[in-house]
Amino acid sequence: MGQDTAVGLHPALSGGVRAHAGKALVPALVGRGPRQRPQGHRVDHDVLAVGAQAAQTRLLHDPGQVALALEGHREAGELAGLAERDGRFGQVDHYEHGVRRYPPASALHRRAESSVECRSVPDISQRDPEQVAATLSRWLATKSADGRGPEVFDVKAPGSNGFSNETILCRTRTVDGAEKRLVVRVAPTKHLLFLDAEFSTQYRAMRALADGGSAVPLPRLGWYEEDLQYFGVPFFSMDHVEGLVPSDNIPYTMEGWVMEASPEQQERMWWSGIDALAAVHRTDWRATRLEWLSTPARGKPGLEQQLSYYRDFLDWATKGEKVPVIESTWQWLVEHKPAEDGDVVISWGDSRIGNIIWDDFQAAAVVDWEMASLAQPELDLGWWLYFDRQFSEGLGVPRPAGFGSHEETIERYSEMMGRPMRDIFYYEIFSGFRFAVVMYRLSDLVFDREDMEGDADMATDNIATQLLAKMLDLEPPT
């Protein structure tokens, strides 16, 4: 089975940008007319793809052009996990609308801004690797009883660093010569992708699961550091995990190791992922003391809190601009909101195949927990199935032959949870809405919207808005 060649776009002498956790800024996700590659950029190996020349990237608006683009260039996707295979270091690695049923951000006790200040400091990818190594070595020494921590070397800043956090890949060597690979995630230094972002959420959630004996496969965590003397923002460490991560760009349903696998391997992968998701939902959030994942000021845990948050997220991101598909989807969500019964569970939040590190088609580690909350299990199952739909139906390509059907998955998951999974179509639509909001925000972070080519606008015409329009029989975005 072959390995994807990681080819990426990044500024000369520095690092690139990417979208995090499935929100990759790639031709296959943005619809029509992504921008020309900026002047002074180059294509290099061993960094992840974040874009391509406009002449090659009129994907999705006309899915028939996907094959033509694939002939012209091959771009490996965002690896949201922390992976290495075959000796190559993997790139590791989100108004007026009638009666308001959900409290606005101004009514909440939580701040409507991140608790992590975005300081005016360089991106990790723009730092001197030797300086980063020295800083991390100094930091690790403080974690050692004798003050002689391991030496940090071979620092790499992936060209795919994201907006919800940055990633440092490195190796450590102890005084007796023992080496291991380390991953350091750093709070964003310039931009915030999410409204009211809390960088510590992902570490705290994983730490609680690990310490509480959860069956969820996780990376081995190191320390969380709040002292700003090191990088100017908080960061945390975790051990590297061996494995592969499905590509978002080009999507794994179009080429790469997932499509090269046998149907039997694909089937094992699908159900292993579902088992990992079930392990999240079976973990007792009270026993693991994860009650803080709820935001009572936004209402009941589950849809009420989630709808409140994403309505405010949309208003914050759009600054008053009305996006017809997104607004129509919101109205549908309000009008069709199902009643939620029963106790909530731990919600992973970004539950999809691309946020799992895979070893021999088995889930080796579940990563990217910044969207974690307390909710009904349908929230995560809907997100999982929506992204499966997005990377197949949304791209006009077939699903991997071995993947379980949606009907079979819902039926089996109902058995695993001990109750029927209800209203999954609603949760899929809500997933598309959430992703459309993230795409809007992401477009403002990456592009100067006035310079978008032609009449296309990634913020309003992208794979999420296109698929929502199809699913709800709305007027397609233009």
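Residues in region 317-364 that are within 22 Å of Gly404 (Cβ to Cβ), in contact with a helix residue (DSSP H, G or I) (Cβ under 9 Å, 6 or more places away or on another chain) and among the hydrophobic types (A, V, I, L, M, F, W, C): Val345, Trp348, Ile353, Ile356, Trp358, Phe361, Ala363. State whether the residues of region 436-456 include one that is at pLDDT 95 or above and farther than 16 Å from Trp270 by Cβ. The answer is yes; a qualifying residue exists.
For region 313-360, a residue qualifies if it is surrounded by 22 or more Cβ atoms within 10 Å (Cβ to Cβ), of a type outside the set (A, V, I, L, M, F, W, C) and more than 29 Å from Glu267 (Cα to Cα), and exactly one does: Thr329.
If only one of Gly418, Gly404, Gly432, Gly382 is of a type outside the set (A, V, I, L, M, F, W, C), under 24 Å from Glu260 (Cβ atoms) and at pLDDT 95 or above, which one is it?
Just one listed residue meets the conditions, Gly404.
Figure legend. Inter-residue proximity from region 277-306: first residues under 15 Å from Met371 (Cβ atoms), second residues among the hydroxyl-bearing types (Ser, Thr, Tyr), beta-carbon distance below 6 Å, spacing 6+ or different chains. Indicated pairs: Leu277/Ser351; Leu293/Ser373; Arg298/Ser308; Pro301/Ser294; Gln305/Thr295.
Total residues in region 197-222 satisfying the condition of being part of a loop (DSSP other than H, G, I, E, B) and among the hydroxyl-bearing types (Ser, Thr, Tyr): the figure is 1.
In region 308-389, which strands (runs of 3 or more DSSP E) lie fully inside it and hold 2 or more residues that are in contact with a Pro (Cβ under 9 Å, 6 or more places away or on another chain) and more than 16 Å from Ala276 (Cβ to Cβ)?
Details: elements: 345-347, 356-359, 362-366, 373-375.
Counting at least 2 such residues, we get 373-375.
Inside region 237-282, residues that are within 20 Å of Gly402 (Cβ to Cβ), outside any loop (DSSP other than H, G, I, E, B) and more than 18 Å from the chain's Cα centre (by Cα) make up a count of 16.
The values are calculated or read from the model by the stated rules, or taken from the named source; none is laboratory data. Fair warning: this is a prediction, and the values are worked out from it, not measured in the lab. As a convention, Cβ positions derive from the backbone with ideal geometry for all residues, glycine included, and neighbour counts pool all protein chains shown.
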